[in-house]
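Novice: Structure below; questions to follow.
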Number of protein chains: 2
Amino acid sequence: VGIGPGAPEWRAPAARAALESSSDWVGYGLYLDLVADLASGQAEHRFPLGGEENRVRHAIALAKEGREVALVCSGDAGIYAMAALVYEVIDLEPARIAVNVIPGISAFQAAAAKAGALIGHDFCCISLSDLLTPWEVIEKRLKAAAEGDFVVSFYNPRSLKRRDQLQRAFAILKAHRPPDTPVVIASNLGRPEERVKIVQFGEFDPADVDMLTLVMVGSSQSTSFARGDGRTYAYTPRGYAKKREAAE
Amino acid sequence: VGIGPGAPEWRAPAARAALESSSDWVGYGLYLDLVADLASGQAEHRFPLGGEENRVRHAIALAKEGREVALVCSGDAGIYAMAALVYEVIDLEPARIAVNVIPGISAFQAAAAKAGALIGHDFCCISLSDLLTPWEVIEKRLKAAAEGDFVVSFYNPRSLKRRDQLQRAFAILKAHRPPDTPVVIASNLGRPEERVKIVQFGEFDPADVDMLTLVMVGSSQSTSFARGDGRTYAYTPRGYAKKREAAE
């Protein structure tokens, strides 16, 4: 179940219904806290951050016992969350359980909306975690995103062990993005501590980012502008033609 | 306002609240039909498909008159929808109106969830419409997506005028995807006529796709398998390590 990024206003009715009708909730403790308003006696199986495979196997074991299990994910259950791991496990070890993936609004969508309309044209999402993916694969993808001129959202921009992923990513993007390309830095989306900031590519400081921050970089066509409310907004025009026309 | 892909169960409470509290709904007629259950006397401004700029300018003009306007989009208001165009217009012609973008579940998320967990690792979205984007730019992006090994979702796979975009896209992807790479074909998501089909890359037939279909192609790591319910599911494992290990 994808519960969206924090705020109940972003939680789809399908997620709500699944949580309400289930007998067991399995998930990272903080995510279970975020749906506490829906609790009505469900057994809660709280797990620490990390150790995703344990969480998934526990959920599958409960389902095999005939329990109705909600495996609670932040954002979209299918995006850097648990759904793929569930299918990976039952592909290797078939289980007679019904699986229903409930999509949700992912962090990059909420961040883009709060900052304007940065994903108005072609975009990609890249996880910078090299725990399960070799860095060479990530680097190949970064080069492709740079050359393909996608709007790029970075998940897992930092880990406890490695801190230079974002610096490397920006170094790869640099040749393909003007220095005034908008960069969106978002954290605690949908929560009281929410922070969404727009800076220019050339001024971005990786030190401004912690493990739980989402970083988005515009395409070469993305732009930002200040409005009368004193805030800056970033968007990516839907067509290439217009911006080029305006510039000519 | 992004209302999600069709079904009310995918419509976030934020979208619902915005629709309920607004005085005017502006949008493509079919999208207004999809939220008819929330109507309570709002003035409806129905537009035909296409002509997005007219829709956006009409919504902005109403807002300038002091109306509370919901510009209704399918999926996510920020993804191939109206939000970027709103910012584009008010960037060129500043207007003293408040703008609030409400994100939603986009079609690729619903399709991936119904088909399994295809977007379990890095992915991108590409529009194949060359109405506003030159084909060379789209082709550059297709090459990048192919080489970068992203899971790729194609929006606007066909237009009335051009019918060979998908064929060209698959020709570019071919060198970088095994023939058994899962392809998800989805249409009418969240509606009674919903159709979600998984085929193999090597067997994909572009004739199976119309203008309103979403096509998703896995990465080289994506895989599909049949379950006891007789259906096929496609997923992309979260790590590269596992599949390689299993193959060795």
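Novice: For region A:155-248, which trypsin sites (Lys or Arg not before Pro) are in a loop by DSSP, counting at most 16 other Cβ atoms within 10 Å?
Specialist: Values: sites: A:158, A:161, A:162, A:163, A:168, A:174, A:195, A:197, A:227, A:231, A:238, A:242, A:243, A:244; in loops: A:158, A:161, A:162, A:163, A:227, A:231, A:238.
The qualifying sites are A:161, A:162, A:163, A:231.
Novice: Between helix B:135-147 and chain B, what is the angle of the helix's C-alpha long axis to the longest principal axis, kept within 0 to 90° and rounded to the nearest 10?
Specialist: That helix lies at roughly 50 degrees to the long axis.
Novice: A further question follows. How many percent of Cα pairs in region A:136-214 exceed 21 Å?
Specialist: Numbers: 835 of 3081 pairs.
Summing the P(r) tail past 21 Å for region A:136-214 gives 27 percent.
Novice: When the Cα centres of region B:89-150 and region B:1-23 are compared, how far apart do they sit, in Å?
Specialist: If you average the Cα positions of each part, the centres end up 20 Å apart.
Novice: Something else: Over the Cα atoms of region A:172-227, what radius of gyration and what Dmax do you get, in Å?
Specialist: Both quantities, over Cα of region A:172-227: 11.9, 37 Å.
Novice: A further question on this structure: Which FRET efficiency value, to the nearest 0.05, is calculated for residue A:135 and residue A:203 with the Förster distance at 25 angstrom and r the Cβ-Cβ distance? Intermediate results must be reported in sequence, preceding the final value.
Specialist: Values: r = 26 Å, r/R0 = 1.04.
With a Förster radius of 25 Å, E is 0.45.
Novice: How big is the accessible area of residue A:80 in square angstrom, nearest 10, if you roll a 1.4 angstrom probe over the protein chains?
Specialist: Rounded to the nearest 10, the figure is 40 Å².
Novice: Also, quick follow-up: Would you mind estimating how fast region B:1-130 diffuses translationally, via Stokes-Einstein at 20 °C and 1.002 mPa s with the Kirkwood radius over Cα pairs, in µm²/s?
Specialist: The diffusion coefficient I find is 140 µm²/s.
Novice: Taking the Cα centre of region A:91-248 as origin, sum charge times position over the Cβ atoms of Lys and Arg (+1) and Asp and Glu (-1), and report the length of that vector in debye to the nearest 20.
Specialist: Details: 21 positive and 19 negative charges, 31 e Å.
Result for region A:91-248 is approximately 160 debye, rounded to the nearest 20.
Novice: Sort B:20, B:88, B:194, A:65 by heavy-atom solvent-accessible area, probe 1.4 angstrom, most to least.
Specialist: So, going from the largest accessible area down, we get A:65, B:20, B:194, B:88.
Novice: Further, regarding this structure: Counting DSSP beta bridges with both partners in chain B, what percentage is antiparallel, nearest 5?
Specialist: Once the DSSP bridges in chain B are tallied, antiparallel ones form about 50 percent.
Novice: Let me ask something else. For chain B, with all protein chains present and a 1.4 Å probe, just round the carbon and sulfur fraction of the accessible area to a whole percent.
Specialist: Carbon plus sulfur share of accessible area: 50 percent.
Novice: Return one whole number: the accessible area per residue of chain A in Å², for a 1.4 Å probe.
Specialist: 41
Novice: What distance in nm lies between label points placed 7 Å from Cα along the C-beta direction at residue B:225 and residue B:21?
Specialist: Each label point lies 7 Å from its Cα, and together they span 4.7 nm.
Novice: Which value in nm describes the separation of the simple spin-label points at residue B:46 and residue B:159, placed 7 Å from the Cα toward the beta carbon?
Specialist: 2.7
Novice: Add +1 for every Lys or Arg and -1 for every Asp or Glu among the other residues with Cβ under 13 Å from the Cβ of residue A:104, and state the total.
Specialist: -1
Novice: Right, another one. Do any of B:114/B:174; A:114/A:197; A:114/A:174 go past 20 Å between their Cα atoms, and which?
Specialist: B:114/B:174; A:114/A:174, as the Cα separations exceed 20 Å there.
Novice: Which one of A:72, A:215, A:56 has the biggest mean-square fluctuation once chain A is modelled by GNM with Cα springs under 10 Å?
Specialist: Largest GNM mean-square fluctuation: A:56.
Novice: While we're looking at this one, here's another question. Over all directions, average the projected area of the Cα convex hull of region A:111-248 and note it in nm². Don't skip to the answer; put the middle values down first.
Specialist: Working: hull surface 35.6 nm².
Its Cα hull, projected and averaged over all orientations, spans 8.9 nm².
Novice: While we're here: How far is residue A:212 from the same spot in each other copy, in nm, shortest first, if each label point sits 7 Å from Cα toward Cβ?
Specialist: Distances between equivalent label points, in nm: 4.2.
Novice: Please give the residues from region A:84-107 for which the solvent-accessible area of heavy atoms, probe 1.4 Å, is smaller by at least 50 Å² with all protein chains in place than with the chain isolated.
Specialist: The answer is A:84, A:87, A:88, A:91, A:103, A:105 - residues whose exposure falls by at least 50 Å² when every protein chain is included.
Novice: Compute for chains A and B the buried accessible surface, both sides summed, probe 1.4 Å, and express it in Å² to the nearest 100.
Specialist: Its buried surface, counting both partners, is about 6100 Å².
Novice: What number, in nm² with one decimal, is the all-direction average of the projected area of the convex hull of the alpha-carbon atoms of region B:92-169? Display every interim value, and only then the final one.
Specialist: Values: hull surface 31.3 nm².
Its Cα hull, projected and averaged over all orientations, spans 7.8 nm².
Novice: Residue B:211: accessible area at probe 1.4 Å, nearest 10 Å²?
Specialist: Near enough 90 Å² of accessible area.
Novice: Moving to a separate point now. Quote the relative contact order of chain A in percent (integer), defining contacts as alpha-carbon pairs under 8 Å separated by 6+ residues.
Specialist: Relative contact order for chain A comes out at 18 percent.
Novice: Please give the helix B:52-64 orientation as an angle from the longest Cα principal axis of chain B, in degrees from 0 to 90, rounded to the nearest 10.
Specialist: Between the helix axis and the principal axis of chain B, the angle is about 40 degrees.
Novice: At a Förster distance of 45 Å, what's the computed FRET efficiency of residue B:36 paired with residue B:232, Cβ-Cβ distance as r, to 0.05? Mind showing how you got there, number by number?
Specialist: On the way: r = 35 Å, r/R0 = 0.77.
Efficiency, from the Cβ-Cβ distance: 0.80.
Novice: Something else about it: Once every DSSP H run of n ≥ 4 in chain B is given -39500 (n - 2.57) and the sum is divided by its residues, what mean residue ellipticity at 222 nm do you get, rounded to the nearest 500 deg cm²/dmol?
Specialist: Estimated from H runs of four or more residues: -9000 deg cm²/dmol.
Novice: With every protein chain left in place, what is the accessible area of residue A:74 in Å² (1.4 Å probe, nearest 10)?
Specialist: For residue A:74, solvent-accessible area is about 40 Å².
Novice: Shape call for the protein assembly as shown from the C-alpha gyration tensor, a ≥ b ≥ c root eigenvalues: rounded (a/c under 1.5), prolate (a/b greater than b/c) or oblate?
Specialist: rounded
The values are calculated or read from the model by the stated rules, or taken from the named source; none is laboratory data. Predicted model only: the values in this text are computed from it and were never measured. Glycine also receives a Cβ, built like all others from the backbone with ideal geometry; neighbour counts cover every protein chain displayed. When the accessible area is computed, the model is the full protein with side chains, heavy atoms only, and any ligands, DNA or RNA have been set aside. Shrake-Rupley method; radii C 1.70, N 1.55, O 1.52, S 1.80 Å.
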